[in-house]
Amino acid sequence: MAWARGGHHAWVAGFLLALCSLLVPGASAQRTQIKPGWNRFSPQDDISLGKRAATDAEKQLPLCNAPKVDAYLTELATRLAQKLPAGGVQYPFEFHCVNDKAINAFALPGGYVFVNRGAIEAADNEAQLAGVMAHELSHVALRHGTNQATKAMLAETGLGIFGAVFGDSAGGALLTQLGSFTAGGVLLRYSRTAESQADVMGTQVLYDTGYDPRALAQFFEKLEAETKGKNPPEFFSDHPNPEHRVGRVDEEVEKLGGAPANARRDSAEFEAIKREVLALPVVKKPRPGAAGAVAAPAPPSRSFAEYQASSYTLKYPDNWKKYPESNGGGVSFAPEGGVLDDGSGHSNLAYGLIIGVAQAKGDPNDENALRSATSQVIQELQESNPSMKITRQGERLRLNGQPGLSAYLSNVSPVGGQETDWVVTVLRPEGLVYFVCVAPQSAYDNYDKTFSSILDSVRFSK
Ligand SMILES: [Zn+2]
């Protein structure tokens, strides 16, 4: 049920190019053509999924409640949306200003766009803000959210969802049934490829709307320069940096024939709106990890409950909760307080265990097959976790008598500081079964024994 795009758009683009070459003799290369990836959902699904998540988001996020600002965003984005190649789909775009100083913006499928005040405040001019919004609109048109969900479903057993939600900037994962806005969180985990596509299409939209097409790259450069050596802005955790991000945007600007001399950069409206936003009262959001904000979970109980999956059983501390994943064979276990909401609707696992099965074939005793499937899983994790690093890799162990591999990764913990992720993998007829034990580095020693007990209790069905 792939949603096939007609040839119409390509023709329009070709026509535009012909015009450009006539008008701008220097324009030699053709603009990059980007099409949405394979998608099991219909554009109508995007709209209904996005709407549900947006309703939740509106309840959970501190909105600016500044009608003039929302009206300005809507007007600006409507102009951009008119130049957005949306494959003939009419998305019901809605725009909200969020009273959050973090430099970030996100678009839910179907066109529900949330822009933090921080992004408006960080933009030097209207073209930069337009660049951020054009990037978000491109995620909508390219249907990256449901494309991601499609890939997760294809992986059948949840690797995609796992890879998609395992942490963003923050670390652990949890899962769709924690609420539809959280499901929205799943829909917002973009790959670097998706990011690069949104950058390129966003740049084209800027150009076609008459803005300086370099504005998006300039915004990124500015963010990077200002945060050198400090925590990167949230924008980069929700929109992970592809390699050579700025260079790729510049290249596209080049293909478009460069910035037109009369390109729009700023407006009096933008400057007025920015002043209004700067004057809004600041809403303090509870920051995970802030002193006293999050109590550490109770220590793991020494009595155990049994969990039975279709292909294995295990025992876990009976004061931990089970979070089955609705989309496949995955399951997570976490203590009360081990799952945190990062304040923008993403649930993160800070303490606990995530289990999933990734698609992989091979003889369970074939070490090469095990090694390559394991690398694949770790790569997936790193793809959606920019700060994740391998600290130890590839050590052999046995799990219920089966050959397995053990690796340690470090990542940013949702409670602040670093976390340790112990990954254990075993190749089984159903695929690569992976166990990810997660705890903040500072508390890891208190959990090490529990994790080992859980893994020791694993019994695979024959
Ligand atoms: Zn993005």
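The values are calculated or read from the model by the stated rules, or taken from the named source; none is laboratory data. What you see is a predicted model; the values in this text were computed from it and never measured. A quick note on method: Cβ atoms are made from the backbone with ideal geometry, for glycine too, and the neighbour counts reach across all protein chains shown. Each accessible area value is taken on the protein alone, full model and side chains, heavy atoms only, with ligands, DNA and RNA left out. Shrake-Rupley method; radii C 1.70, N 1.55, O 1.52, S 1.80 Å.
Remarks
- Answer from 407, 373 - the residue that is modelled with pLDDT of 90 or more, closer than 30 Å to residue 238 by Cα and either within 21 Å of the chain's Cα centre (by Cα) or assigned to a strand (DSSP E or B) (or both): 407
- Subset tally (residues that are surrounded by fewer than 21 Cβ atoms within 10 Å (Cβ to Cβ), of a type in the set (A, V, I, L, M) and within 16 Å of the ligand (Cβ to nearest atom)) for the range 229-262: 1
- Qualifying residue in the range 59-67 (condition: under 24 Å from the mean Cα position of the chain (by Cα), of a type in the set (S, T, N, Q) and more than 11 Å from residue 115 (Cβ to Cβ)): yes
- Applying the condition of being part of a helix (DSSP H, G or I) and surrounded by fewer than 24 Cβ atoms within 10 Å (Cβ to Cβ) to the range 218-228 and asking which residue is nearest to the ligand (Cβ to nearest atom) yields 220.
- Residue match in the range 128-145 (condition: part of a loop (DSSP other than H, G, I, E, B), at positive phi and at pLDDT below 80): no
- Of all the residues in the range 44-72, those that are open to solvent by less than 70 Å² (accessible area, probe 1.4 Å) and not in a helix (DSSP H, G or I) number 5.
- Qualifying positions in the range 195-214 - more than 12 Å from the ligand (Cβ to nearest atom) and under 18 Å from residue 78 (Cα atoms): 203, 204, 205, 206, 207, 208, 209, 210, 211, 212, 213
- Residue in the range 116-127 that is within 16 Å of the ligand (Cβ to nearest atom), assigned to a helix (DSSP H, G or I), among the polar types (S, T, N, Q) and modelled with pLDDT of 50 or more present: no
- Selected residue [buried (at least 22 other Cβ atoms within 10 Å of the Cβ) and not acidic (Asp, Glu)] from 391, 425: 425
- From the options 184, 172, 158, 179, residue that is surrounded by fewer than 22 Cβ atoms within 10 Å (Cβ to Cβ), at pLDDT below 60 and more than 19 Å from residue 84 (Cα to Cα): 179
- Of the residues in the range 430-441, none is within 20 Å of residue 240 (Cα to Cα) and in contact (Cβ under 8 Å) with a residue 60 or more places away in the chain.
- Cβ-Cβ contacts under 6 Å between residues 6 or more apart (or on different chains), taken from a first residue in the range 351-376 that is without any contact (Cβ under 8 Å) to a residue 60 or more places away in the chain to a second residue that is of a type in the set (Gly, Ala, Ser) and not in a helix (DSSP H, G or I), are listed as 369/362; 373/360.
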